[in-house]
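Asks: Take this structure first; my questions come after.
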Amino acid sequence: MSDEEARLARLRERIDQIDDDLLRLISERAECARDVAEVKQEANPGEEVAFYRPEREARILSRVRERNPGPLADEEMARLFREVMSACLALEKPMTIAFLGPEGTFTQAAALKHFGHSVLSTPLAAIDDVFREVASGNAQYGVVPVENSTEGMINHTLDMFMGSALKICGEVQLRIHHHLLRRPDQDEAGITRIYSHQQSFAQCRKWLDSHWPAVERIKVSSNGEAARLASEEEGAAAIAGDMAASLYGLEPAHSNIEDRPDNTTRFLIIGTEAVPPSGQDKTSILVSTRNRPGALYELLEPFKREGIDLTRLETRPSPSATWAYVFYIDFVGHRDAPAVRAVLDEIEAQSQELKHLGSYPMGVL
Ligand SMILES: O=C(O)C(=O)C[C@]1(C(=O)O)C=C[C@@H](O)C=C1
């Protein structure tokens, strides 16, 4: 045996020992999670128990990031722990998550990033369907896109909250990388049309204009659908992400073709339960005010006074009157924090309607 072979054998022996430790520790952790489930059920006999605890998971993941000694990157370590927690939660109670489908969309990638791979995920055709599936109890949580850093808000998602009793229980941020995908047997010169979702076309507009100005661009309902079509039709390509590529056996002819390298989409987790504070939270509200001079200023002034950081302000037409508006506001802090509570009480007193959409752990990239 050469020196290198002997060294390799020793290192592999050490890796085997570490794997044995990991196996034992992960199993011990899973036993603990099962005991936690028992305690939760005993504390609420006969009742429907909330086994999933987003605020606890957020604390665990931020602790993992803080304590990570390297050499693995924080995101990588958090991803591993996310999967361990996902498996532990599945032992407590398997969860069903509805998402804006079909399979292979970025929304599915966001659902898996947030809940891990040990959940049952149900693809649905429209944002309304995701809301309905969660409201009816067929799914415990839903995942819908709400905002893209290049293309702005997805108004349909915001508008859904006006008529829904569902709460925002979390957010996920996903860096969006688009690829020009083709079948392995499709040569680039033979591509005559490109399928994609309109948002993805918009996020890759400059790249397409300079590289494929003459090729037809056909909008379809999702990136997943675009990839499916490209996998079936000769002469077709799709703009979509990694999940769609592997699902439909496509290869990237060109990778990361989004115009902005920081292209990011934010997704919301919707559910029926309010989430307790995690220590790093955000709150979303919908407010309608009387249409008079200074109304918006009065609405925002308490935030400034209390030093609360606004992260988003959107105006949407009110469904109840023409030329009346509803403000959708996101800010840092949890509803249970005294400063936030004071601001919300003040807004409630001066506005026509205040709807608290949820306080939830802040998402990390
Ligand atoms: O701490 C809990 O309440 C648990 O159920 C345990 C655990 C975990 O694996 O750490 C599992 C699921 C919950 O969503 C949060 C955390």
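The values are calculated or read from the model by the stated rules, or taken from the named source; none is laboratory data. Given the structure is predicted, the values throughout are model-derived calculations rather than measurements. Note: ideal-geometry Cβ built from the backbone for every residue, glycine included; neighbour counts use all protein chains shown. Just the protein is used for accessible areas: all its heavy atoms, side chains included, with ligands, DNA and RNA removed. Shrake-Rupley method; radii C 1.70, N 1.55, O 1.52, S 1.80 Å.
Asks: With a cut-off of 8 Å between alpha carbons and a minimum separation of six or more residues, what is the relative contact order of the chain in percent?
Replies: 18 percent
Asks: Please report, for the Cα atoms of segment 1-96, the Rg to one decimal and the Dmax as a whole number; what are they, in angstrom?
Replies: 18.2, 65
Asks: Using a simple spin-label model with points 7 Å from Cα along the Cα→Cβ vector, what separation in nm is obtained for HIS177 and CYS32?
Replies: 3.4 nm
Asks: Set the bar at 25 Å for Cα to Cα. Now go through LYS113/LYS206; LYS40/LYS355; LYS93/LYS282; LYS206/LYS282; LYS113/LYS282; LYS113/LYS167 and name every pair that lies beyond it.
Replies: Over 25 Å Cα-Cα: LYS113/LYS206; LYS40/LYS355; LYS93/LYS282; LYS206/LYS282.
Asks: While we're here: Determine the gain in length on full extension of the stretch ASN68-LEU300; use 0.36 nm per residue of separation and subtract their C-alpha separation, reporting nm with one decimal.
Replies: Separation in residues times 0.36 nm, less the Cα-Cα distance, equals 79.6 nm.
Asks: Moving to a separate point now. Sticking with the crude label model, points 7 Å out along Cα→Cβ, report the distance from LEU365 to ASP185 in nm, one decimal please.
Replies: With each label point 7 Å from Cα toward Cβ, the separation is 4.1 nm.
Asks: Now, a different point. Can you pull the one-decimal nm distance between simple spin-label points at ASN138 and ARG79, each 7 Å off the Cα toward Cβ?
Replies: 3.2 nm
Asks: Right, something else. So how do SER121, SER320, SER164 rank on accessible area, 1.4 Å probe, biggest first, that is with the largest at the start?
Replies: Values: SER121 40, SER320 105, SER164 20 Å².
Final ranking, largest accessible area leading: SER320, SER121, SER164.
Asks: Subtracting the Cα-Cα distance from 0.36 nm times the residue separation, let me have the gained length for ARG312 to ASP16 in nm, one decimal.
Replies: 101.6 nm
Asks: Highest first, please rank the peptides 94-103, 289-298 by the mean number of other Cβ atoms sitting within 10 Å of their residues.
Replies: 94-103, 289-298
Asks: Once the piece of chain linking GLU348 and GLU232 is laid out straight, how much longer is it, given 0.36 nm per residue of separation minus the C-alpha distance between them?
Replies: That works out to 36.3 nm of additional length.
Asks: Once the Cβ-Cβ distance between LYS355 and ARG193 is put in as r, and R0 is 56 Å, what FRET efficiency do you end up with, to the nearest 0.05?
Replies: 0.80
Asks: Sticking with this structure for a sec: What ranking do 65-71, 152-158 get when scored by the average of other Cβ atoms within 10 Å per residue, highest first?
Replies: Details: 65-71: 9.6, 152-158: 16.0.
Output ranking for 65-71, 152-158: 152-158, 65-71.
Asks: Then there is this: Just by accessible area at a 1.4 angstrom probe, what is the order of HIS334, HIS254 from largest to smallest?
Replies: HIS254, HIS334
Asks: Grab every C-alpha pair in the chain, bin the distances at 10 angstrom width from 0 up to the longest one, and report whole percents.
Replies: 5, 20, 26, 24, 17, 6, 1, 0, 0
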